[in-house]
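Derivation of every value follows stated rules applied to the coordinates shown; laboratory data play no part. Since this is a predicted model, take the numbers as computed values, not measurements. Here the Cβ is made from the backbone with ideal geometry for all residues, glycine too, and neighbour counts use every protein chain on show.
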Amino acid sequence: MLEIYRSDPSGHMRAERIDGDAVPPDAIWLDLINPSKAEERLVERLCAIEVPTREEMREIEVSSRLYSEDDADFMTASVVFGLDTGSPAFAPVTFILAGKRLVTLRYTEPKSFVIYSAKLCKDASEGTFRASLAEATEMEGEATSATAAPNGKAPKVPTADAILIGLLETVIDRVADMMEAIAADLDRIASDIFSASGNKRPTANADFKSLLRRIGAAGDLISRTRESLATLDRMMPYLQFVLDRRKSPKDAKSRVKAMSRDITSLNDFVAFLSNKTTFLLDTTVGMISIEQNAIIKIFSVAAVGFMPPTLVASIYGMNFKFMPELDWQLGYPMAIGLMAISAVLPLIFFRYKRWL
């Protein structure tokens with residue numbers, strides 16, 4: 001699928017889906033979403049570039065992710081998707097600056113693209129209203145320039161550089177949202193762990209398995225987040241270099257520097273979450289060991305407690321001909337009593353020592 005973004009006569013951005021074999025020459029942003037071969041060739045002819053393949057996008061070398069070719073700049077980063085469905089993951093997205101156009105190539109549908117697209121085109125309804133108002137004032141003999149936009153200025157059409165920077169800012173915001181969700185999930189896991197430790201009854205194996213699965217999922221997501229931030233972190237200096245070469249305004253460069261600072265702070269937060277995940281994992285494993293030791297302790301105490309009765313039963317179970325108690329009428333009750341007393345006394349001693 002190929003979606004393009006271009007400005008309408010009122011100067012506001014519009015999104016259009018291209019189903020034919022022609023792309024308007026005034027398109028500023030071309031978004032390739034799981035494209036077909038025909039769509040790739042269409043964009044290649046228009047922008048005079050070679051669109052990277054899906055396998056090339058997965059390359060981990062910096063030279064394969066950040067490079068210039070055919071007067072175009074190619075940048076690939078891992079972008080989060082599936083955050084709203086509860087199954088977040090990362091996939092590579094390629095950003096291409098070719099002249100005055102931005103081309104994005106992706107095989108997933110990150111919510112960051114939807115959010116930024118809506119933000120980019122949010123003034124469409126305002127533009128329609130302003131155009132109608134301009135026509136009305138023109139009929140009254142007033143100047144239309146005063147009502148076409150606030151302060152008498154026409155809406156400024158964003159450049160490809162500005163769209164790329166805004167898109168990356170939205171991507172970083174989504175990563176931050178995901179990390180907040182991970183932090184909240186880790187807080188819930190910690191609450192479940194420490195509330196389980198306060199119960200007098202042992203925690204079931206199924207509960208421990210559930211806790212370990214949740215901790216493992218959080219740890220895996222944190223590691224993937226670190227990888228995504230690493231690709232974005234490597235991308236920022238290269239983007240700064242590209243903007244310098246393209247002579248972008250100072251505002252664009254300052255926004256890139258702000259993104260670099262955000263990525264640095266997010267990396268610090270990721271390190272904190274990673275340490276917290278390790279702590280919760282160690283705590284859970286420690287609780288499992290404590291409960292296992294408690295169970296083994298009970299069996300050990302029971303075995304020691306039954307040793308004296310077993311000794312008494314073994315003595316009177318011997319088949320000797322001359323045993324005084326064999327002819328004694330109270331011999332059997334005496335043996336039973338000895339076994340009961342020898343079982344109770346160790347338990348009382350263990351209670352006194354607080355071993356039970």
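Which one, THR104, THR310, THR159, has the greatest fluctuation when you compute a Gaussian network model over the chain with C-alpha springs under 10 angstrom?
Per the Cα network of the chain with a 10 Å cutoff, THR310 tops the list.
Quick check of the Kirkwood formula: for region 306-352, what is the inverse mean of 1/r over all pairs of different Cα atoms, in Å? Write out the running numbers ahead of the final one.
Details: mean 1/r = 0.0865 Å⁻¹.
Evaluated on region 306-352, it is 11.6 Å.
Could you tell me how many cubic angstrom of Cα convex hull volume the chain has per residue?
Dividing the Cα hull volume of the chain by its residues yields 239 Å³.
For LYS209, give me every one of the lysines with a C-alpha distance below 27 angstrom, ignoring sequence neighbours fewer than eight places off in its own chain.
Cα-Cα hits under 27 Å: LYS200, LYS276, LYS297.
So how much slack lies between ILE298 and SER64, counting 0.36 nm per residue of separation and subtracting their Cα-Cα distance, in nm? Display every interim value, and only then the final one.
Details: separation 234, 0.36 × 234 = 84.24 nm, distance 6.09 nm.
Full-extension gain reported as 78.1 nm.
To the nearest 500 deg cm²/dmol, what mean residue ellipticity at 222 nm is calculated for the chain from DSSP H runs of n ≥ 4 alone, each contributing -39,500 (n - 2.57), summed and divided by the residues? Show your work: numbers first, answer last.
Numbers: 10 runs with 212 residues, N = 356.
So the calculated ellipticity at 222 nm is -20500 deg cm²/dmol.
So if R0 is 45 Å, what FRET efficiency would LEU330 and SER289 give, r being the distance between their Cβ atoms, rounded to the nearest 0.05?
Plugging the Cβ-Cβ distance into 1/(1 + (r/R0)^6) gives 0.35.
Once whole DSSP H runs in the chain are found, which of them have Cα atoms spread over 30 Å or more along the helix axis and a mean Kyte-Doolittle score of at least 1.0?
Details: long enough: 160-197 (56 Å, 0.82); 205-245 (60 Å, -0.16); 250-305 (82 Å, 0.36); 331-352 (32 Å, 1.45).
Once both thresholds are applied, what remains is 331-352.
What aspartates and glutamates sit close enough to LYS100 to cross-link, taking a C-alpha to C-alpha distance under 13 Å and skipping anything fewer than 8 places away on the same chain?
ASP26, ASP71, ASP73, ASP161
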